[in-house]
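Structure first, commentary second.
The values are calculated or read from the model by the stated rules, or taken from the named source; none is laboratory data. Note that the structure is predicted; figures quoted are calculated from it, not measured. Cβ sites come from the backbone with ideal geometry, for glycine too, and all protein chains shown count toward neighbours.
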Amino acid sequence: MKIVSIIGARPQFVKAAVFNHAVDRTTGVKEVVIHTGQHFDANMSQLFFDQLGMREPRYNLGIHSMEHEEMVAKMCSAIEEILANEKPDWVVVFGDTDSTLAGALAAKECSIRLCHIEAGLRSFNEAMREEYNRKETDCISDLLCCPTELAVMNLTNEGIPNERILVTGDIMKDAALHYRTSAKPPQETLPEVFHLCTLHRAENTDDPDILRQLMTALEHISSTIPVVMPLHPRTRQALAAQGFPFGQTSIRFIEPVGYLEMLYLLQHCRLVLTDSGGLQKEAYFAHKYCLTLREETEWTELLTHGYNHLVGHVTTDIVDIAEKMAIMPPLFTDELYGDGHAAEKIVEALKRC
């Protein structure tokens with residue numbers, strides 16, 4: 001059996017690495033990796049390949065820095081040509097990026113069976129590009145691998161037949177368990193006690209007023225407990241455009257980090273503040289409370305169990321909840337995302353089908 005896996009963005013590299021390892025442990029399965037090039041900066045791409053021991057892409061399309069529709073169209077066309085030559089039994093896509101949708105559309109155009117890993121997630125915010133990508137991908141997938149029962153319920157409510165749905169647990173839990181002992185500190189010196197923050201979503205960085213409120217909150221929080229912030233290129237550019245005083249802030253900006261450094265930061269921080277989807281779960285895996293700097297999340301289980309709080313972008317709300325959560329005892333007793341063997345279950349399901 002031959003699988004073509006399609007990746008393009010930083011969160012997908014970690015998932016793909018775990019999937020690569022599961023494929024290598026399974027007899028009779030071969031995998032070819034296509035990298036769309038969506039994330040191309042060395043710290044956002046190559047660093048992950050170097051650290052995680054993942055399969056080097058056979059193809060790198062180098063497609064990035066375009067409007068969504070144009071980028072998906074170019075990716076889809078290039079992927080179709082590769083699929084016509086490779087003739088795989090399955091195409092596997094991960095998550096909810098433009099690379100995900102492009103790979104899914106190309107698979108269907110070539111009449112190749114499609115597997116979506118991390119299927120069924122819903123934020124119910126139709127304005128989010130990720131919501132559109134994941135819903136369109138789920139609609140045309142032949143095998144939908146769900147991290148939770150709630151994801152299954154979302155698909156069932158949308159009329160997806162049960163025979164196309166498989167509960168596997170979360171592949172990111174596989175990664176957290178597999179790599180946690182390999183965590184290593186970033187090059188920069190860290191405070192002994194700190195909060196961890198990541199900020200990169202366009203709805204936060206591209207609105208000057210929202211970005212200003214978020215940074216004001218982080219400045220206030222950092223005056224008591226330092227906030228360490230790996231600085232995404234988009235966020236750096238947006239802050240520079242606003243004339244942010246990088247040399248006069250209490251926030252500890254560091255360069256973007258690889259997955260192993262991020263694991264270290266999660267293990268040693270007191271609290272996580274983020275607008276990332278994946279980091280909300282990774283905070284939970286590290287037994288750290290999380291404040292999500294958004295109005296909604298796909299990972300509603302974390303909200304229900306009190307491990308995560310949606311705080312939006314209002315300065316006072318963020319500061320107040322951060323102060324309360326920073327002193328909460330770490331009571332993490334639930335197992336929300338499976339047993340850490342999601343990748344193995346997915347590969348076996350593909351082989352059976």
| task | Provide a single number: the residues in region 142-158 that are buried (at least 19 other Cβ atoms within 10 Å of the Cβ) and either under 15 Å from Arg113 (Cβ atoms) or not small (Gly, Ala, Ser) (or both). | result | 9
| said: Would you confirm whether or not region 339-347 contains a residue that is touching a Pro at 6+ places or on another chain (Cβ under 6 Å) and within 26 Å of Phe49 (Cα to Cα)? | reply: no
| said: I'd like the full set of residues that are farther than 19 Å from Thr297 by Cα and either surrounded by fewer than 17 Cβ atoms within 10 Å (Cβ to Cβ) or touching an Asp or Glu at 6+ places or on another chain (Cβ under 8 Å) (or both), limited to region 123-141. | reply: Cys139, Ile140
| query | Where residues in region 306-322 are farther than 15 Å from Lys288 by Cα and more than 22 Å from the chain's Cα centre (by Cα), which of them is surrounded by the most Cβ atoms within 10 Å (Cβ to Cβ)? | reply | Ile318
| request: Kindly indicate the residue of region 61-106 that is surrounded by fewer than 20 Cβ atoms within 10 Å (Cβ to Cβ) and of a type in the set (Asp, Glu) and also modelled with the lowest pLDDT among those meeting that condition. | output: Glu67
| field | Scope region 214-224; condition more than 23 Å from the chain's Cα centre (by Cα), touching a residue at least 40 places away in the same chain (Cβ under 8 Å) and buried (at least 20 other Cβ atoms within 10 Å of the Cβ); matching residues | value | Ala217, Ile221
| query | Just for strands (runs of 3 or more DSSP E) wholly inside region 205-321: which have at least 3 residues that are in contact with a Lys or Arg (Cβ under 7 Å, 6 or more places away or on another chain) and either modelled with pLDDT under 95 or of a type in the set (Asp, Glu) (or both)? | reply | none
| task | Please verify whether region 227-249 includes one or more residues that are touching a residue at least 24 places away in the same chain (Cβ under 8 Å), assigned by TED's automatic domain parsing to the domain that holds Arg270, more than 26 Å from Thr97 (Cα to Cα) and polar (S, T, N, Q). | result | yes
| said: Please determine whether any residue of region 33-54 is more than 30 Å from Ile254 (Cα to Cα), touching a strand residue (DSSP E or B) at 6+ places or on another chain (Cβ under 8 Å), surrounded by fewer than 21 Cβ atoms within 10 Å (Cβ to Cβ) and of a type outside the set (D, E, K, R). | reply: no
| query | Given the structure, is Lys173 modelled with pLDDT of 95 or more, within 30 Å of Gly53 (Cβ to Cβ) and more than 18 Å from the chain's Cα centre (by Cα)? | reply | no
| query | Taking the stated definitions as given, is Leu199 in contact with a strand residue (DSSP E or B) (Cβ under 9 Å, 6 or more places away or on another chain), under 28 Å from Gly120 (Cβ atoms) and at pLDDT 95 or above? | reply | yes
| query | Within region 331-347, can one find any residue that is without any contact (Cβ under 8 Å) to a residue 40 or more places away in the chain, surrounded by 16 or more Cβ atoms within 10 Å (Cβ to Cβ) and in a helix (DSSP H, G or I)? | reply | no
| remark: In region 88-123, anything over 22 Å from Glu348 (Cβ atoms) and of a type in the set (D, E, K, R) is listed as Asp96, Asp98, Lys108, Glu109, Arg122
| said: Among the listed residues Tyr289, Tyr264, identify the single one that is of a type in the set (Phe, Trp, Tyr), out of contact with any helix residue (DSSP H, G or I) (no Cβ under 9 Å at 6 or more places or on another chain) and crowded, with 16+ Cβ neighbours inside 10 Å. | reply: Tyr264
| Lone qualifier among Cys115, Cys139 - being at pLDDT 95 or above and not in a helix (DSSP H, G or I) | Cys115
| Using beta carbons and a limit of 6 Å, which pairs, at least six apart or on different chains, have the first residue in region 295-320 and free of Cβ contacts under 8 Å to residues at least 40 places away in the same chain and outside the structural domain of Glu131 (by TED's automatic domain parsing) and the second one surrounded by fewer than 20 Cβ atoms within 10 Å (Cβ to Cβ) and in a helix (DSSP H, G or I)? | His309/Ile321; Val311/Asp317; Val311/Ile321
| Elements of type helices (runs of 4 or more DSSP H) in region 7-101, at least 3 residues being free of Cβ contacts under 8 Å to residues at least 24 places away in the same chain | 68-86
